[in-house]
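Novice: Pasting a structure here, questions to come.
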Amino acid sequence: MNNVNLTINGQQVTVPAGSTILEAAKKLNIKIPTLCYWDKLGCGISNQPASCRICVVEVERRRNLAPACATPVMEGMVVHTNSQRALNARRTILELMLSDHPQKCLTCAKNQDCELRMLAAEFGIQEVAFSGAKNRFDVDDSSEAIMRDLSKCVMCRRCETVCNKVQTVSALTGNGRGFSAKVGTASMIPLAETNCTFCGQCVNVCPVGAITGISYVKKVWAAINDPSKTVIVQTAPAVRVAVGQEFGFEAGAPVTGKLVAGLRALGFDKVFDTNFSADLTIMEEGTELIGRVTKGGKLPMITSCSPGWINFVELNYPDLLENLSTAKSPQSMFGAMLKTYYAKKQGIDPSKIVSVSIMPCTAKKFEAFRRELSASGYPDTDIVLTTTELAQMIKEANIDFLGLPDEQFDPI
């Protein structure tokens with residue numbers, strides 16, 4: 001591969017041909033602010049729509065400012081990332097964005113992790129410089145799993161990229177032009193009416209609060225504080241690792257004992273490990289596979305443990321439905337066990353059991369509302385929280401997570 005030599009802020013650098021100015025600047029540890037650009041979408045795919053223009057830089061002998069995230073380097077190019085012209089343009093662009101953004105930061109679900117807010121702080125913007133018309137859209141909470149507030153959309157198109165190129169679902173696309181342009185569903189129909197699988201990857205990459213998971217934290221608090229309810233929680237294997245990052249632990253560090261102690265401190269009556277129903281799933285699916293092999297049945301058999309890919313197959317590949325295992329997911333299998341076998345053994349009215357699960361995926365929220373998943377006559381799973389929402393509850397209750405003694409899951 002050929003290399004290209006260029007100069008950025010007086011420093012010479014050599015990068016492979018086809019690199020962008022942003023990539024070349026990173027090699028020199030020169031920071032250029034970005035918003036729409038995102039290089040962590042997975043599968044080697046990055047988002048480079050150059051739509052926000054926050055990363056504009058000045059290139060000598062070029063009339064217009066260039067978006068660093070999408071402008072390829074050229075031999076002998078001379079770039080200035082912090083010229084007054086570039087800085088003024090970035091500030092104006094950011095102020096225009098803020099002028100069409102709801103000023104509801106204190107109550108926004110993204111307020112502690114909003115990249116637009118962080119950019120405003122970085123630029124020292126303390127007031128909105130422009131006034132006038134603002135886009136307003138109805139909030140779409142039709143799916144019971146993911147909420148969309150397009151009034152907050154900054155047209156970064158990250159959600160569109162991850163939905164189309166990584167997840168290959170293609171539920172999101174650009175709509176409108178100019179001032180009214182937003183990323184939404186085809187014909188702007190509710191998300192629940194599309195082929196969305198509710199995987200939540202759009203939620204993960206949204207830099208603002210335009211797409212968020214629907215929170216059921218208040219519902220959990222109400223159940224815990226209801227003396228007539230037996231509130232039982234199960235937690236997925238991934239949560240015991242991910243939750244530590246919310247409290248300063250190194251990424252990948254298991255904090256199983258503190259997780260269990262934290263759940264008990266919140267007031268859950270029983271704390272169970274979803275690994276138990278994962279084992280049930282192995283037995284059920286293994287038995288089903290043996291039956292298909294020995295007695296005849298659709299092969300290959302595909303595990304049904306993920307509601308995300310169940311949705312994906314149902315909506316996009318219905319011809320493969322017979323290949324899916326008929327077993328429930330570990331989450332739903334656990335909930336079904338709680339309200340049938342467990343309730344009978346413990347002498348608890350299943351209508352008084354509130355089955356809560358802590359899961360790493362918003363598709364689990366969607367699964368909880370599937371009407372067919374009610375072995376006892378009541379929903380297998382009543383409430384699903386994500387890892388982030390659990391951390392929110394622990395912080396709200398002022399529990400010293402780091403100082404918690406390690407505890408064990410309740411035995412089945």
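Novice: Could you identify the single residue in T287, T281 that is among the polar types (S, T, N, Q) and surrounded by fewer than 18 Cβ atoms within 10 Å (Cβ to Cβ)? Spell out the reasoning first.
Specialist: Values: T281 fails: surrounded by fewer than 18 Cβ atoms within 10 Å (Cβ to Cβ).
Unique residue meeting the criteria: T287.
Novice: Also, quick follow-up: Any chance the stretch 31-52 includes a residue that's assigned to a helix (DSSP H, G or I), open to solvent by 40 Å² or more (accessible area, probe 1.4 Å) and under 30 Å from D138 (Cα atoms)?
Specialist: Initially, the stretch 31-52 is screened for residues assigned to a helix (DSSP H, G or I), giving none.
No, there is no match, as no residue in the stretch 31-52 is assigned to a helix (DSSP H, G or I), open to solvent by 40 Å² or more (accessible area, probe 1.4 Å) and under 30 Å from D138 (Cα atoms).
Novice: Which number in (1) touching a residue at least 60 places away in the same chain (Cβ under 8 Å); (2) open to solvent by 30 Å² or more (accessible area, probe 1.4 Å); (3) farther than 19 Å from G200 by Cα marks the one condition that A251 misses?
Specialist: Status for A251: all satisfied but (1).
Novice: If only one of N164, N82, N88, N135 is closer than 30 Å to T362 by Cα and open to solvent by 20 Å² or more (accessible area, probe 1.4 Å), which one is it?
Specialist: Values: N82 fails: closer than 30 Å to T362 by Cα; N88 fails: closer than 30 Å to T362 by Cα; N135 fails: open to solvent by 20 Å² or more (accessible area, probe 1.4 Å).
From the options N164, N82, N88, N135, the qualifying one is N164.
Novice: Quick test for you: out of A391, A375, pick the one residue that is out of contact with any Leu (no Cβ under 7 Å at 6 or more places or on another chain) and open to solvent by 10 Å² or more (accessible area, probe 1.4 Å). Explain how you work it out, then say what you get.
Specialist: Numbers: A391 fails: open to solvent by 10 Å² or more (accessible area, probe 1.4 Å).
After ruling out the rest, the residue left standing is A375.
Novice: Which of the residues spanning the stretch 167-183 are open to solvent by 20 Å² or more (accessible area, probe 1.4 Å), in contact (Cβ under 8 Å) with a residue 24 or more places away in the chain and closer than 17 Å to F312 by Cα?
Specialist: Selection gives Q167, S170.
Novice: Also, I was wondering about something else. Can you go through F247, F276 and tell me which one is at pLDDT 95 or above, farther than 30 Å from L191 by Cα and under 21 Å from the mean Cα position of the chain (by Cα)?
Specialist: Details: F276 fails: under 21 Å from the mean Cα position of the chain (by Cα).
Only one candidate passes the filter, namely F247.
Novice: Among what's in the stretch 91-123 and is in a loop (DSSP other than H, G, I, E, B) and touching a Leu at 6+ places or on another chain (Cβ under 8 Å), pick the residue that is surrounded by the fewest Cβ atoms within 10 Å (Cβ to Cβ). Explain how you work it out, then say what you get.
Specialist: If we filter the stretch 91-123 for residues that are in a loop (DSSP other than H, G, I, E, B), which is where we start, we get 100-104, 108-114, 123.
Add one more test, that the residue is touching a Leu at 6+ places or on another chain (Cβ under 8 Å), and what stays is 101, 123.
Details: H101: 23, F123: 16.
By that ranking, first place goes to F123.
Novice: Follow-up. Just give me the residues in the stretch 217-244 being more than 24 Å from the chain's Cα centre (by Cα), within 15 Å of V384 (Cα to Cα) and small (G, A, S), in sequence order.
Specialist: A222, A223
Novice: Can you spot a residue in the stretch 394-405 that is closer than 17 Å to E144 by Cβ and open to solvent by 10 Å² or more (accessible area, probe 1.4 Å)?
Specialist: Of the residues in the stretch 394-405, the ones closer than 17 Å to E144 by Cβ are none.
Scanning the stretch 394-405 turns up no residue that is closer than 17 Å to E144 by Cβ and open to solvent by 10 Å² or more (accessible area, probe 1.4 Å).
Novice: Within the bounds of the stretch 9-21, is there any residue that is touching a helix residue (DSSP H, G or I) at 6+ places or on another chain (Cβ under 7 Å) and surrounded by 14 or more Cβ atoms within 10 Å (Cβ to Cβ)?
Specialist: Just the residues of the stretch 9-21 that are touching a helix residue (DSSP H, G or I) at 6+ places or on another chain (Cβ under 7 Å), to begin with: 13, 15.
In the following step, the residues that additionally are surrounded by 14 or more Cβ atoms within 10 Å (Cβ to Cβ) were identified as 13, 15.
Yes: the stretch 9-21 contains one or more residues that are touching a helix residue (DSSP H, G or I) at 6+ places or on another chain (Cβ under 7 Å) and surrounded by 14 or more Cβ atoms within 10 Å (Cβ to Cβ).
Novice: Now for a different question. Output yes when any residue across the stretch 394-406 is of a type in the set (S, T, N, Q) and either at pLDDT below 95 or in a helix (DSSP H, G or I) (or both), and no when none is. Don't jump to the end; show me each part of the working.
Specialist: Taking the stretch 394-406 and keeping what is of a type in the set (S, T, N, Q), we get 398.
Okay, now just the ones that are also either at pLDDT below 95 or in a helix (DSSP H, G or I) (or both), so none.
Scanning the stretch 394-406, I find no residue that is of a type in the set (S, T, N, Q) and either at pLDDT below 95 or in a helix (DSSP H, G or I) (or both), so the answer is no.
Novice: Separate question: Here's a check for you: in the stretch 227-247, which residue that is in a loop (DSSP other than H, G, I, E, B) and touching a residue at least 40 places away in the same chain (Cβ under 8 Å) is least open to solvent (accessible area, probe 1.4 Å)?
Specialist: Within the stretch 227-247, the subset in a loop (DSSP other than H, G, I, E, B) is 227-229, 236-238.
Those left that are additionally touching a residue at least 40 places away in the same chain (Cβ under 8 Å): 228-229, 236-238.
Details: S228: 59, K229: 62, A236: 8, P237: 60, A238: 51 Å².
Checked the stretch 227-247; the qualifying residue least open to solvent (accessible area, probe 1.4 Å) is A236.
Novice: Considering the stretch 260-278 alone, what residues qualify as being in a loop (DSSP other than H, G, I, E, B) and open to solvent by 60 Å² or more (accessible area, probe 1.4 Å)? Step through it out loud before you land on a result.
Specialist: Of the residues in the stretch 260-278, the ones in a loop (DSSP other than H, G, I, E, B) are 267-269, 274.
Of everything in the stretch 260-278, just one residue is in a loop (DSSP other than H, G, I, E, B) and open to solvent by 60 Å² or more (accessible area, probe 1.4 Å), namely D269.
Novice: Tell me, yes or no, whether the stretch 190-211 has at least one residue that is among the acidic types (D, E), over 21 Å from K364 (Cα atoms) and not in a loop (DSSP other than H, G, I, E, B). Quick ask: steps written out before the conclusion?
Specialist: Let us first name the residues in the stretch 190-211 that are among the acidic types (D, E), namely 193.
From the residues that got through so far, the ones that are over 21 Å from K364 (Cα atoms) too are none.
Checked against the condition, which is being among the acidic types (D, E), over 21 Å from K364 (Cα atoms) and not in a loop (DSSP other than H, G, I, E, B), the stretch 190-211 yields no hits at all.
Novice: Additional query: I'd like to know if the stretch 106-118 contains one or more residues that are at pLDDT below 90 and touching a helix residue (DSSP H, G or I) at 6+ places or on another chain (Cβ under 7 Å).
Specialist: Yes: one or more hits.
Novice: Can you tell me which residues in the stretch 205-226 are surrounded by fewer than 16 Cβ atoms within 10 Å (Cβ to Cβ) and not hydrophobic (A, V, I, L, M, F, W, C)?
Specialist: K218, K219, N225, D226
The values are calculated or read from the model by the stated rules, or taken from the named source; none is laboratory data. Predicted model, so just to flag it, every value in this text is computed and none were measured. Reconstructed Cβ throughout: ideal geometry from the backbone, glycine too, with neighbour counts over all protein chains shown. Protein only, heavy atoms only, side chains kept; ligands, DNA and RNA dropped before computing areas. Shrake-Rupley method; radii C 1.70, N 1.55, O 1.52, S 1.80 Å.
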